[in-house]
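The values are calculated or read from the model by the stated rules, or taken from the named source; none is laboratory data. Since we're looking at a predicted model, the values are computed, not measured. Because the Cβ atoms are built from the backbone with ideal geometry, glycine has one as well, and the counts that use them run over all protein chains shown. To get the accessible areas, we keep the full protein, side chains included, count just its heavy atoms, and leave off ligands, DNA and RNA. Shrake-Rupley method; radii C 1.70, N 1.55, O 1.52, S 1.80 Å.
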Amino acid sequence: LLIILALGIVGSVCGATYINSLPYTINESGYYILNTSCTDLDDTAITINADNVVLDGNNRVLDGSKLYNTSGIFINGHKNITINNLTIKEFFSGIYVANASDVKIINITSKSNDYGIVILNSFNNILVNITAMDNYWAGLKLFNASHNKLINITVLNSKYGIIIDYNSNGNTLRNIKT
């Protein structure tokens, strides 16, 4: 019983850390499992401030309140991160990746954000099995983002669909549906 109580808001079982409340900041490498959803969150849901992180969304939903400068997931300046199995909606950006490399975004639905997924000043990232729909400006935006792989991407009902902008070279796009 003491072990269960000690787990509190974030517990660690079998090497995984469970995220049980939001917003949450990841400051250490490791394997994290989202164990809760949120509705109308007025802040960035999860900030990743470490290298070598796996975030398993556990098929949960991150739901924001459409406030400017909020994200479902925010990464700046880190590498070797995997985010998977998650629905993100109603943030300014569903997932925001800046100054990062070797980020894998897999099995994500990003909907009703201003931007579904933003990759900024980043390289060697992989996006696979992404559905971005009903995002106001764009489902995906790459800005100064090179040598990324976008595979099995569906973008629907956005003003600009996919934006590949300024100095975004050498990207591979396969099986893209708009």
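Orientation-averaged projection of the chain equals 9.3 nm² [convex hull of Cα atoms, one quarter of hull surface area].
Once you have a ≥ b ≥ c as the square roots of the Cα gyration tensor eigenvalues for segment 99-140, tell me rounded if a/c is under 1.5, and otherwise prolate or oblate according to whether a/b is larger than b/c. Oblate is the answer for segment 99-140, as a/c is 1.5 or above yet b/c matches or exceeds a/b. Within straight-line reach of LYS177, meaning a Cα separation under 17 Å, sit the following aspartates and glutamates at least 8 residues removed in sequence or on another chain: ASP134. Among the protein heavy atoms, those of THR82 account for about 30 Å² of accessible surface (1.4 Å probe, every chain in place). The residues of the chain expose on average 47 square angstrom of accessible surface per residue, using a 1.4 Å probe on protein heavy atoms.
Within straight-line reach of LYS149, meaning a Cα separation under 13 Å, sit the following aspartates and glutamates at least 8 residues removed in sequence or on another chain: ASP102. Once you've got the GNM for the chain with C-alpha springs shorter than 10 Å, pick whichever of ASP114, ASP42, ASP134 has the biggest mean-square fluctuation. The residue that fluctuates most here is ASP42.
Counting only heavy atoms of the protein chains and using a 1.4 Å probe, LYS177 has close to 110 Å² of accessible surface.
Ranking of LEU62, LEU156 by solvent-accessible surface, largest first: LEU156, LEU62 (1.4 Å probe, protein heavy atoms only, all chains present).
Take the Cα of ILE126, step 7 Å toward its Cβ, do the same at ASN20, and the gap between the two points is 3.3 nm.
On the chain, 49 percent of the accessible area sits on carbon and sulfur atoms, based on a 1.4 Å probe. Would you be so kind as to identify which of ALA145, ASN171, ASN52 lies farthest towards the positive end of the dipole of the chain, taking Lys and Arg as +1 and Asp and Glu as -1 on Cβ and the Cα centre as origin? The Cα lying farthest towards the positive end belongs to ASN171. Cross-link pairs exceeding 22 Å between alpha carbons, from the set LYS79/LYS159; LYS89/LYS141; LYS66/LYS141: LYS79/LYS159. The charge dipole of the chain, taken about its Cα centre with unit charges on the Cβ of Lys, Arg, Asp and Glu (plus for the first two, minus for the last two), comes to roughly 540 debye. For segment 48-55, putting each phi into the Karplus relation 6.51 cos²θ - 1.76 cosθ + 1.60 with θ = phi - 60° gives couplings of 9, 10, 8, 8, 6, 10, 10, 10 Hz, in residue order, rounded to whole numbers and with x for Gly and Pro. Available extension along the chain between ASN171 and ASN157 is 2.7 nm, counting 0.36 nm per residue and deducting the alpha carbon span. Name the long-range amide H neighbours of LEU41: under 5 Å, sequence gap of 5 or more, or other chain; modelled H, no Pro or chain starts. Here the answer is ASP63, GLY64, SER65, since their amide H atoms fall under 5 Å of that of LEU41. In the assembled protein chains, THR39 presents an accessible area of approximately 110 Å² (probe radius 1.4 Å).
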